[in-house]
Amino acid sequence: QAKATIVPPQVFTVQDPRTGKTVEVLKRDELKAAGVKLKETPKQRTWQQEQAEREEARAKEEVKRKAKLEVNMRVFEAVRDAAAGASLDVWWLQRLALLALDGVGWQERETLARVHGLKNRDDLSKRIGSMPEPELRKLLIDFLLVDELHVWGNTPETLFAAAKHLGVNVGAVTSAMLAEPPAQGVESSAAKAAKTTKAGAATPATAAAAKGKVKRSAAGAEAAAAASAAAVAEDGKPWPYPNAMPGSPAAAHNATLSEVQA
């Protein structure tokens, strides 16, 4: 139905070299000149154009970021000036505690939970929001020192330095620990030897020997504890245990004593 003044579009036959099939095609410009309405296809952008658009977007974001940073810095400086003369109240201590908790290892978190009478680290995290100020201050000190509880073969320097700073007598604490009675349910080897064996009841001689060994062991422990307490009470220094077996509490006491004296 084209008018006489319109040149009909030329039809071309194009063959697909891969399959050999042919198809008839027309030029878009000639179709438009003939009055055919075509849907415009978006022009393919080059990599350079896309890269330029990305750079422009990044530049705009950088301007926004710098403007936001400037605002935050002004508020930051104002808060610092306001806090310079203020005390660290519960609000600040709670946030410091939550921040410090994130930097504590799994094992140390569990230890702190037990120290504060809680079941696990999740309970500790929830408890921080309602802790009173004295407990929060103690918890922050816990965070500082708890990493040194599991130090083996090395000196817990910060822990001992804190003890010295606060006037805590490490030797006296250790001596008091060694003087404590055994925990319930823990039996000495001598007491176990006096009990009935799987093969049958122990003989009177064996039981008597074991009983005497238990008495001697208890007497020796009491004497050592008394001597230690007396030494600490006399000059304020811990009493070393001679001939302590490696790995025993007495050996640990001697090691602690040497570190304190050093």
> How long is the gain from residue 81 to residue 157 if the chain were fully straight, where each residue apart is worth 0.36 nm and the alpha carbon distance is subtracted?
Replying inline: 23.9 nm
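Please count, across region 1-122, the pairs of lysine residues with Cα atoms under 15 Å apart that sit 8 or more places apart or on different chains. Can you show the working numbers first?
On the way: 3/32; 27/37; 27/39; 60/68.
The number of close lysine pairs in region 1-122 is 4.
In whole percent, and with a 1.4 Å probe on the protein chains, what portion of the accessible area of region 78-130 is carbon and sulfur?
53 percent
Tell me whether region 1-94 comes out rounded, prolate or oblate; compute the Cα gyration tensor, take square roots of the eigenvalues as a ≥ b ≥ c, and use a/c under 1.5 as the rounded threshold.
The shape class here is prolate.
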>> I'd like the projected area of region 22-77, averaged over all directions, using the convex hull of its alpha carbons. Report it in nm² with one decimal.
In response: 7.7 nm²
>> 7 Å from Cα along Cα→Cβ at both residue 98 and residue 110: what's the point-to-point distance in nm?
In response: 2.6 nm
> Tell me, what ³J(HN,Hα) does each residue in region 83-90 have, in order and in whole Hz, if you take phi through Karplus 6.51 cos²θ - 1.76 cosθ + 1.60 with θ = phi - 60° and put x for Gly and Pro?
Replying inline: 7, 4, x, 9, 8, 7, 7, 4
>> Need the list of aspartates and glutamates near residue 164 for cross-linking: C-alpha distance under 13 angstrom, and skip anything on the same chain fewer than eight residues off.
In response: 259
> When ligands, DNA and RNA are left out and all protein chains stay put, how many square angstrom of accessible area per residue does region 1-150 have with a 1.4 Å probe?
Replying inline: 82 Å²
> In nm, to one decimal, how far is the modelled label at residue 180 from the one at residue 49, with both set 7 Å along Cα→Cβ?
Replying inline: 7.9 nm
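The values are calculated or read from the model by the stated rules, or taken from the named source; none is laboratory data. Computed from a predicted structure; not experimentally measured. Here Cβ is always computed from backbone atoms with ideal geometry, including for glycine, and neighbour counts include all displayed protein chains. Protein only, heavy atoms only, side chains kept; ligands, DNA and RNA dropped before computing areas. Shrake-Rupley method; radii C 1.70, N 1.55, O 1.52, S 1.80 Å.
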